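Right, one structure below, let's go through it.
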Amino acid sequence: MKVRLIFLFFLLTPTSPTYADLTKFTEELIENNFGIQEKEAEISLQKQNVEQFWALRPWNLKFDGFYRNDSSAYFTPASNMNATYQNYLLEVNKKFAWGGQFKFDTTFKRTARDDENFILVVGGGKEPKTFFNFNMGVSYIQDFGKNIFGREEYKDLELREHTVSVSKASKELEIESKVFEFFVNYIQARQFKTVLISEKNALDRAKKRTNLIKKMVKDGLRLDVDLDESRMIQIEKEEAIKRAYINLGDSLERLSNFLHREVKQKEIKELDPFGKVLPLTLASKGTPHNNKIIKLLEAQIKQLKLGVQYVKYGFFPSINLILDYETDAISTDELQVLREGNLVGNFFDATAMIKLEWPLGYPQKDVEKAKAGINLNTAKMKRNKEFRNIQNSEIYIRYQLKQLEENIIKAKKRWDLSKVVLDKYNKLYNLGRTDLLQSLTAEERRIFTELRYISYIGEREGLLAKLAFLWGSLQDTIKKL
């Protein structure tokens, strides 16, 4: 028996519709909105530019193979001889970020000449028919000028890495902006949902009034004109409901475009006339320095400062220290030439050289420096003006909120009074002590007051969201709901 009672209790308990939570909506927005995804792709692209910095400095392996059989009719001993040539070159090189360049190379040559032609031209004597040549070399170049120890290249790397930070700041601004736009439309959709419910309630009252007047006309207590006027008001309320559906549909369309999916009416609940959406008040405080626009501008300013430093490096001369060491050997014995021609061989050529290149003037760099300075000063000015605008906006938003809070209190009192006045006029009309026009006027006044109150509630939420946006904390505020 007890089990049946419990089952009956749950069966008779009305189930409320499942509305989509604002926090869930926001998470879906951040995950699916194309504008935000585009910013994420931009971050990935800038990260690839960082990887490209290192990709431009790989170890390089080079190999050349050469074969030539020269049996031409014309030759001179000084320039050529009939022979078969085989040349092989192997080279390894790398460019380093610290301004250095390394190269190692080795060359092996085999020459097998036509002995008869050689003797014919040169004369008597016995010359080797086949001989070998082998040499190895290693060289290193270090920049001690404008790119000393790679400062120019490392600054380029720092610029690339900071561009990633700028892209991240741009994404954060895009998220905060999209969340704000979505929230405004979300509140508007809830407001239209509330208006729809209010208009439906007004239609129910109009139907009851029409049925009551219809009976009174039948009993001869009211004129036909009262019934006609009541029916006219009922039709007007039906039109108002259609208009509310249109407005709600327009809001749902905008929400759907934010999420790139269909947002259904059942996912949106009406505004609570006595509650709040955001946990903020007129007394809430935030930090304008955390504004996402300011954060982006500050990141851009830092990027421009790095760019100015990079340009300044171009005013230094190019100074390169070049170190080169080569060995070689020639022999008719292949193994012998390999032993004597390596880096520890006796026959070598060592070179140390300083190379200086100093332009007499930097007209192009002067222009680049001037442009970089102008861009930097413009960005700083924009940041200062934007920060001042945020401070001004906060002052006036607080002023609007103060006036709005007072209006909400007054509108609530007026709404309560409109219900009382409507009830009294309906009773007086039923007693025949007033005409229908006064009762209908009281009805319209009640609807107008209710809708105005709902409008104030939605406007307050929009201003609170704008305040949180100015502080760069709207997304975090919604997460805490």
### Task
Those residues that are under 16 Å from Ile197 (Cα atoms), touching a Leu at 6+ places or on another chain (Cβ under 7 Å) and crowded, with 16+ Cβ neighbours inside 10 Å, I need them from the range 242-265; list them, please.
Ala244, Leu248
### Message
Looking at the range 128-138, can you tell me whether even one residue there is of a type in the set (D, E, K, R), at pLDDT below 95 and surrounded by fewer than 17 Cβ atoms within 10 Å (Cβ to Cβ)?
### Response
yes
### Query
Among the residues of the range 325-347, is there at least one that is in contact (Cβ under 8 Å) with a residue 60 or more places away in the chain, assigned to a loop (DSSP other than H, G, I, E, B), within 23 Å of Val138 (Cβ to Cβ) and of a type in the set (S, T, N, Q)?
yes
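At least 1 residues that are surrounded by 13 or more Cβ atoms within 10 Å (Cβ to Cβ) and modelled with pLDDT of 85 or more in each: list the helices (runs of 4 or more DSSP H) lying fully within the range 1-71 that qualify.
By residue number, 22-32, 34-55.
Leu437: of a type outside the set (Asp, Glu), touching a helix residue (DSSP H, G or I) at 6+ places or on another chain (Cβ under 7 Å) and assigned by TED's automatic domain parsing to the domain that holds Asn291, yes or no?
Answer is no for this residue.
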### Qualifying position, being modelled with pLDDT of 90 or more and under 18 Å from Phe25 (Cβ atoms), among Leu296, Leu255
Leu255
### Query
Mind checking whether some residue in the range 214-227 is under 27 Å from Glu459 (Cβ atoms) and either not aliphatic (A, V, I, L, M) or not in a helix (DSSP H, G or I) (or both)?
no
#### Entry: Filter result for Arg151 (surrounded by fewer than 21 Cβ atoms within 10 Å (Cβ to Cβ), under 31 Å from the mean Cα position of the chain (by Cα), modelled with pLDDT under 95 and not in a loop (DSSP other than H, G, I, E, B))
yes
#### Entry: Set Leu321, Leu304, Leu271: member being of a type in the set (A, V, I, L, M), in contact (Cβ under 8 Å) with a residue 60 or more places away in the chain and assigned to a loop (DSSP other than H, G, I, E, B)
Leu271
### Message
It is to be established whether one or more residues within the range 379-390 are of a type outside the set (A, V, I, L, M) and within 26 Å of Asn147 (Cα to Cα).
### Response
no
### Number of the exception - Thr351 against (1) under 41 Å from the mean Cα position of the chain (by Cα); (2) under 30 Å from Leu89 (Cα atoms)
(1)
#### Entry: From Lys295, Lys285, residue being part of a loop (DSSP other than H, G, I, E, B), within 22 Å of Leu173 (Cα to Cα), out of contact with any Cys (no Cβ under 7 Å at 6 or more places or on another chain) and not aliphatic (A, V, I, L, M)
Lys285
### Query
Looking at (1) more than 39 Å from the chain's Cα centre (by Cα); (2) surrounded by fewer than 17 Cβ atoms within 10 Å (Cβ to Cβ), can you tell me which one Thr210 breaks?
(2)
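The values are calculated or read from the model by the stated rules, or taken from the named source; none is laboratory data. Predicted model, so just to flag it, every value in this text is computed and none were measured. Virtual Cβ from ideal backbone geometry, glycine too; neighbours counted across all protein chains shown.
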